[in-house]
Amino acid sequence: MSDIVCNISEWEDYNKDLLYLIEETMPKECKKFMRREGGRLRTKSRQTARAKVNKKTGNYLGSIKSSRAWKNSTGGYGVKAYASAPHAHLIEYGHYVYRRGVNTGKRTRAFYTMKEAHEAFQSAFWRDCDTFIGQLVENGMKGK
């Protein structure tokens, strides 16, 4: 009987070095990448909302924005896309219909546009992360 033994300590060291390279030596590039991805998420969210909500919704489509990129306390970077219209939550999650202050018992349709856009964007985001890390490794090896 043969046993296969895998030693992943070298991979762990490589990952630590890679994280150090990205977070400590190139923070501007990381923030720039996250801002770009936030813009792409905003675009995807607007496309999803335009396709799903085919009614006049006021300023809902124009209110979909992306936030600034930030670095949290654990060292990770983040960015978000959100709808800033005052009625965005009504379109996103639905609501009960009131007539003359009385609940009619009817509920409007919930579109969940942001959730759907997030799910559709995830694969593209991870693909972009892989290419970004590859570019950073190449630039880091060259000494740029």
| said: Assuming 0.36 nm per residue, please report the length gained on full extension of the stretch residue 12 to residue 28 beyond their Cα-Cα distance. | reply: 3.3 nm
| Once both axes come from the Cα atoms, what is the angle between helix 113-142 and the longest principal axis of the chain, in degrees from 0 to 90, rounded to 10? | 20 degrees
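Determine the alpha carbon to alpha carbon distance for each of 28/115; 31/80; 55/106; 80/115; 32/65; 52/115 and list only those over 24 Å. Mind dumping the intermediate values first?
On the way: 28/115 29 Å; 31/80 13 Å; 55/106 19 Å; 80/115 12 Å; 32/65 17 Å; 52/115 12 Å.
Beyond 24 Å between Cα atoms: 28/115.
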| field | Rounded to 10°, Cα long-axis angle of helix 27-52 versus longest principal axis of the chain | value | 30 degrees
| request: Please determine, in degrees from 0 to 90 and to the nearest 10, the orientation of helix 9-20 with respect to the longest principal axis defined by the Cα atoms of the chain, where the helix direction is its Cα long axis. | output: 60 degrees
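Could you work out the Rg to Rh ratio of region 9-121, with Rh taken as the Kirkwood radius (inverse of the mean 1/r over all Cα pairs)?
Values: Rg = 19.6 Å, Rh = 16.7 Å.
Value, to two decimals: 1.18.
Kindly provide the trypsin sites (Lys or Arg not before Pro) of region 73-121 that DSSP labels as loop, not H, G, I, E or B, and whose Cβ sees at most 15 other Cβ atoms within 10 Å. Mind dumping the intermediate values first?
Details: sites: 80, 99, 100, 106, 107, 109, 115; in loops: 80, 100, 109.
Qualifying residues, ordered by number: 80, 100, 109.
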| Using 0.36 nm per residue, how much length does the chain from residue 125 to residue 106 gain when fully extended, once their Cα-Cα distance is taken away? | 3.0 nm
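In deg cm²/dmol and to the nearest 500, what is the mean residue ellipticity at 222 nm of the chain if only DSSP H runs of at least 4 residues count, each as -39500 (n - 2.57), divided by the residue total? Intermediate values should be presented prior to the final figure.
Values: 4 runs with 74 residues, N = 144.
Rounded to the nearest 500, the figure is -17500 deg cm²/dmol.
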| Residue among 20, 98, 77 with the largest mean-square fluctuation in a Gaussian network model of the chain, springs linking Cα atoms under 10 Å | 98
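For region 9-142, what relative contact order do you get, as a whole percent, if you take Cα pairs closer than 8 Å and at least 6 residues apart?
Values: 136 pairs, mean separation 30.8, N = 134.
Result for region 9-142 is 23 percent.
Readers should treat all values here as calculations from the given coordinates under stated rules, not as data from a laboratory. Model, not experiment: these values are computed from the prediction. With ideal geometry, Cβ positions are generated from the backbone for all residues, glycine too; neighbour counts draw on all protein chains shown.
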